[in-house]
Amino acid sequence: MADGARGRDGLERQIGTAALLFTGISGIVGSGWLFASLYAAQHAGPAAIISWCIGGAVAICLALVYAELGAMLPLAGAIARIPLLSHGGMSGFMAGWLCWIAYVATAPIEVTAVLQYASNYVPWLTTTHGDERMLTPHGLMVAAVLLVAFLLINLAGVRWLARANSAITIWKLAIPVMAAVALIAVGCKAANFTEYGGFAPAGIGGIFAAVSAGGVMFSLFGFRTAVDMAGEAKNPQTAVPLAIIGAVVISLAIYILLQVAFIGAVPTAHLAQGWALLSENVAGGPFAAFATILGMQWLAALLYFDAGLSPSGTALAYTGATARINYALAKNQQFPKLFLRLNKARVPVWALVFNFAVGFLLLLPFPGWSELVGFISSAAVLSLAFGPVSLAALRHQQPHLPRPFKLQAGRVVSAVSLVLVGYVVYWTGWDTNWKVFALAGTGAVLLSLLHLHRGDFRTLHARQSLWFWLFVAGLAAVSYTGNYGNGLGLVGHGVDMAIVTVLALVTFWLAFRTRLSDAECQSLFAADEMEPAG
């Protein structure tokens with residue numbers, strides 16, 4: 001397709017393969033690389049390395065699923081729109097609603113990370129309430145300026161967004177690798193991997209908890225931004241799978257290297273009370289603090305500078321991606337039509353403005369980085385549960401639809417992916433999950449009221465969404481009685497995982513059986529002209 005050509009959504013197709021890859025990487029390598037190694041190590045000790053491998057396996061499985069879906073249907077906000085085609089209105093809305101909740105909180109949390117690092121040398125940006133660092137009124141003003149800057153870059157058009165993001169991402173790849181290699185070369189202590197409680201001081205439970213609550217999943221699932229921007233790719237059939245899979249693999253390698261460097265570089269004095277009580281005096285910037293302790297002031301200065309740039313690149317990517325979710329839900333006729341309006345640069349202007357307002361409100365006050373990653377992870381991963389069931393359903397509903405990338409053993413990988421989604425949500429724990437489940441229920445009520453107002457429950461497709469509510473109810477029960485996040489601990493370790501496994505497999509079977517009929521699916525394609533782009 002020619003440069004600047006317009007897709008069926010009316011959006012400009014201006015993003016090349018490399019730019020889309022950089023969008024995915026930028027969505028992954030943000031504040032996570034600055035903080036996730038610290039919080040993962042607090043949960044799991046040196047075994048946090050295993051947590052990253054587990055998180056990487058989950059991310060790669062889901063990335064493979066979305067690589068097929070994204071290349072087959074390169075739509076703006078595809079995460080919300082594809083479930084509509086396979087399972088109808090309620091499923092499409094819930095996927096988009098949960099994804100939007102996670103996305104709209106991401107730019108503010110990245111801004112919070114920027115200012116948390118910056119407060120080490122500009123102390124008036126944050127203040128401490130109890131154990132939490134909060135933004136001061138002056139910090140809120142700076143945060144608002146940053147959010148406005150991300151808004152303006154996105155409003156300038158997707159071509160400008162891609163250029164700005166590509167330049168930032170090249171830097172973002174180089175600095176974490178440089179920091180990890182330098183810390184390993186100068187300060188790595190082999191004893192840190194075996195002493196102070198051993199390699200896995202918190203056992204298998206700590207390893208699993210680090211995947212969700214330690215920021216592993218929060219960091220890795222930024223590949224979704226490439227899926228959401230697929231509707232604006234020049235050559236989506238090639239660009240989308242390469243961008244999604246490439247972003248996960250490259251970023252995962254960097255995160256594992258960083259975790260190894262972090263564990264080896266922790267000073268002995270900081271481990272006097274064990275990994276779980278790892279000294280909080282490095283929470284404002286662990287890698288920079290270690291570089292300073294090791295006498296590498298040049299690296300510390302570079303890291304403080306990058307702490308402003310890397311999260312900003314991620315916030316920039318999510319500012320654009322979040323607007324595409326609003327756009328997708330408006331296309332589904334489940335958000336106001338206002339969000340369909342494009343400016344002269346062919347970007348959804350009012351969606352961007354609305355999300356800026358919501359994001360700023362989340363800063364009044366905004367919890368600390370470590371407190372929100374579990375919530376965002378649970379909501380985001382739960383929204384991705386729709387991908388595996390949609391892939392299996394659409395292979396039956398639309399068998400002849402061109403699939404430039406076709407996943408081998410697609411149904412098996414999809415079923416496994418749903419099981420992994422269940423694990424990650426369960427590991428997040430009851431403290432966090434009840435809030436996510438409550439917001440899911442709130443979304444369902446709002447959508448039902450909308451259909452009641454319209455007097456049309458046929459397009460709600462409630463029966464086709466029963467699998468999702470079974471999944472949520474089952475996860476709520478096992479979270480409440482389970483062993484994570486202040487669950488009651490009534491279910492033994494191992495038994496809880498078996499329950500989640502069975503629940504996910506039964507859910508997958510039910511989702512396949514209750515998909516839309518082939519005719520209903522085809523009518524939705526025809527109604528919105530969702531044929532794959534040329």
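The values are calculated or read from the model by the stated rules, or taken from the named source; none is laboratory data. Quick caveat: nothing in here was measured; it's all calculated off a predicted structure. Reconstructed Cβ throughout: ideal geometry from the backbone, glycine too, with neighbour counts over all protein chains shown. Side chains are part of the model used for accessible areas, which takes the heavy atoms of the whole protein and leaves out ligands, DNA and RNA. Shrake-Rupley method; radii C 1.70, N 1.55, O 1.52, S 1.80 Å.
Structural remarks
- Residue within the stretch 273-293 that is open to solvent by 20 Å² or more (accessible area, probe 1.4 Å), at pLDDT below 90, outside any helix (DSSP H, G or I) and out of contact with any Pro (no Cβ under 9 Å at 6 or more places or on another chain) present: yes
Results for (1) among the charged types (D, E, K, R); (2) within 19 Å of Met72 (Cβ to Cβ); (3) modelled with pLDDT of 85 or more, shown as yes or no for each residue.
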| site | (1), (2), (3) |
| --- | --- |
| Ala328 | no, yes, no |
| Phe335 | no, no, no |
| Leu338 | no, no, yes |
| Val381 | no, no, yes |
| Phe386 | no, yes, yes |
| Ala393 | no, yes, yes |
| Val419 | no, no, yes |
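- Test set (1) out of contact with any Ser or Thr (no Cβ under 7 Å at 6 or more places or on another chain); (2) open to solvent by less than 60 Å² (accessible area, probe 1.4 Å); (3) closer than 30 Å to Ala213 by Cβ - Phe471 fails condition number: (1)
- Enumeration of residues in the stretch 202-223 that are buried (at least 17 other Cβ atoms within 10 Å of the Cβ) and over 25 Å from Ile250 (Cα atoms): Ala202, Gly206
- Near pairs, Cβ below 7 angstrom, 6+ apart or cross-chain, from the stretch 61-85 (at positive phi) to any residue that is β-branched (Val, Ile, Thr) and outside any loop (DSSP other than H, G, I, E, B): Gly77/Ile325
- Leu352 passes every criterion in (1) in contact with a strand residue (DSSP E or B) (Cβ under 8 Å, 6 or more places away or on another chain); (2) open to solvent by less than 20 Å² (accessible area, probe 1.4 Å); (3) at pLDDT 85 or above apart from (1).
- The residue that is modelled with the lowest pLDDT, among those in the stretch 166-195 that are crowded, with 17+ Cβ neighbours inside 10 Å and touching a Pro at 6+ places or on another chain (Cβ under 9 Å), is Gly187.
- Matching option when the condition is of a type in the set (Phe, Trp, Tyr), under 23 Å from the mean Cα position of the chain (by Cα) and not in a helix (DSSP H, G or I), among Phe354, Phe335: Phe335
Residues checked against (1) open to solvent by 20 Å² or more (accessible area, probe 1.4 Å); (2) of a type in the set (Lys, Arg):
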residue: Val389; (1), (2): no, no
residue: Ala393; (1), (2): no, no
residue: Pro399; (1), (2): yes, no
residue: Lys406; (1), (2): yes, yes
residue: Gly410; (1), (2): no, no
residue: Val416; (1), (2): yes, no
residue: Gly422; (1), (2): no, no
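- Listed by position, the helices (runs of 4 or more DSSP H) inside the stretch 419-534 whose residues that are over 25 Å from Arg403 (Cβ atoms) and without any contact (Cβ under 8 Å) to a residue 24 or more places away in the chain number at least 1 are 430-454, 466-481, 495-513.
- Index of the failed condition, Glu520 passing every other in (1) open to solvent by 70 Å² or more (accessible area, probe 1.4 Å); (2) of a type outside the set (Gly, Ala, Ser); (3) touching a Phe, Trp or Tyr at 6+ places or on another chain (Cβ under 6 Å): (3)
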